[in-house]
Amino acid sequence: MKKTCLVIISLLLSLSALLAAATGCDNKGPETVTKTLTATTTTTLQTSIIETVTATTTETVTVKVMTVTDDLGREVTIEGTPSRIVSLAPSNTEILFALGLGDKVVGVTEYCDYPEEALSIEKVGGYSDANIEKIVAINPDLILAEDLHKTEVIPALEDLGFTVVAIVPYTLQEVMDSINFIGMITRAEAAAEQIANDMERRIKEITDITSVLTEGEKTSVLYVIWHEPIMSVGNDTRIHEIIELSGGINIAAVAGEGYPTLALEEIISINPQVILVNVEDYEGGDISLQAILNETRFSDVDAVVNGRVYGINADLTNRPTPRIIDGFELIAGILHPELFGDIE
């Protein structure tokens with residue numbers, strides 16, 4: 001029996017030494033947790049005496065900590081891999097699902113309607129009026145916000161100890177950057193890179209063709225956000241960028257930045273070849289399109305005469321998500337069917 005016990009003790013001490021050596025080389029993380037590893041052997045003698053030997057060692061558990069700067073210039077520290085995420089913008093919700101993280105999304109806004117699975121997730125308020133109490137009850141470990149939340153919502157959530165990251169892309173490149181950024185902070189880098197690379201490829205397929213068009217070959221476009229008064233897109237918007245890259249000329253660009261309003265007389269004078277109108281995906285969501293089609297003073301405008309007034313799903317152009325490339329391809333096909341007739 002003594003010989004047996006000595007062998008067992010020797011084996012266990014060797015095991016302890018190996019574990020200590022292995023963990024001693026791991027210096028990645030700042031947090032050390034002591035765990036008791038118990039190896040037990042039992043020898044039963046005729047007298048029913050039971051002997052137990054226990055070995056204890058310490059190993060290092062690494063918790064990944066990341067400090068990032070969000071789109072509002074705020075430094076935010078994220079610990080570990082987020083598993084309970086609240087999205088305060090439809091665009092962020094779409095990106096999370098596109099990254100395969102839908103099962104980690106525990107709260108969304110009332111306007112988060114894509115993909116369909118988002119409709120069944122707990123609602124935490126509207127677009128700008130987040131319900132702080134509901135968010136507290138959900139207890140997320142990551143909240144994705146946007147620019148309109150910077151004054152009240154973000155400070156309130158941070159005061160309560162929540163981790164909040166603002167995502168505010170403006171250009172197409174920034175949309176792709178934001179997808180990679182969200183992928184990084186959620187540890188879904190590979191999926192994000194694949195999506196962003198695919199978007200970049202599809203953009204290039206169009207711009208390789210449109211970049212050589214002369215001014216005379218480009219199509220003049222009026223993009224209508226709203227009809228009363230007619231609100232269009234200025235020269236600093238993503239939709240303006242899409243129009244220009246699609247081989248179009250945004251007639252509202254001369255009106256400046258943001259979303260300028262245009263007089264009917266001004267539009268008639270410019271005489272756009274194509275009119276694109278935002279259409280929302282709900283009953284009555286085509287009100288602006290119908291208003292433009294029924295505007296008798298537009299009867300001599302080229303776009304109306306030639307039947308080139310189109311409703312555009314607003315989510316495909318307004319939301320900074322992977323689907324914006326679908327909108328890009330759609331607009332390119334409308335402006336230049338002779339070049340992109342194969343785009344669905």
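Each residue of region 69-85 in order: what ³J(HN,Hα) in whole Hz does its phi give by Karplus 6.51 cos²θ - 1.76 cosθ + 1.60, θ = phi - 60°, with x for Gly and Pro?
Values, residue by residue: 10, 7, 6, 9, x, 8, 8, 10, 9, 10, 9, x, 9, x, 10, 9, 10 Hz.
5 Å is the cut-off here: which amide hydrogens, built 1.01 Å from N in the peptide plane, fall below it relative to G125, excluding neighbours closer than 5 in sequence?
Counting only residues 5 or more places away or on other chains, the set is E110, N131.
So, in Å, what gap is there between the alpha-carbon centers of region 253-275 and region 114-141?
38
Counting DSSP beta bridges with both partners in region 214-335, what percentage is antiparallel, nearest 5?
Within region 214-335, antiparallel bridges account for around 25 percent of the total.
Return the whole-Å distance between the Cα centroid of region 172-207 and the Cα centroid of region 289-342.
Between the Cα centre of region 172-207 and that of region 289-342, the gap is 25 Å.
Tell me which residues come under 5 Å, amide H to amide H, from L72 once H is placed; ignore anything under 5 positions away on its chain.
Here the answer is A166, since their amide H atoms fall under 5 Å of that of L72.
Provide the net charge surrounding F298, with neighbours chosen by a C-beta distance below 13 Å and charges set as Lys +1, Arg +1, Asp -1, Glu -1.
Here the charged neighbours net out to -3.
With θ taken as phi - 60° and the coefficients 6.51, -1.76 and 1.60, list the Karplus ³J(HN,Hα) couplings across region 308-316 in order, rounded to whole Hz; mark glycine and proline as x.
So the Karplus estimates, Gly and Pro as x, are 10, 10, 10, x, 10, 4, 4, 5, 7 Hz.
Once amide H atoms are built 1.01 Å from N in the peptide plane, which residues 5 or more positions from V279, or in another chain, come under 5 Å H to H?
Those qualifying (amide H under 5 Å, at least 5 residues apart or on another chain) are I312, N313, A314.
Can you list the aspartates and glutamates whose alpha carbon sits under 17 Å from that of K134, skipping same-chain ones fewer than 8 residues off?
The qualifying aspartates and glutamates are E110, E122, E152, E158, D159.
Could you give each residue of region 317-323 its phi-based ³J(HN,Hα) in whole Hz, using Karplus coefficients 6.51, -1.76, 1.60 with θ = phi - 60°, and x for Gly or Pro?
Running phi through 6.51 cos²θ - 1.76 cosθ + 1.60 with θ = phi - 60° gives 10, 8, 8, x, 9, x, 5 Hz.
Quick one: which of K150/K204; K104/K204; K64/K150; K123/K150; K64/K104 span more than 30 angstrom between C-alpha atoms?
Over 30 Å apart, Cα to Cα: K150/K204; K104/K204.
Every number here is computed from the coordinates shown, using simple stated rules; none is lab data. Source: prediction; values computed, not measured. Every residue, glycine among them, receives a Cβ derived from its backbone with ideal geometry; neighbour counts consider all protein chains shown.
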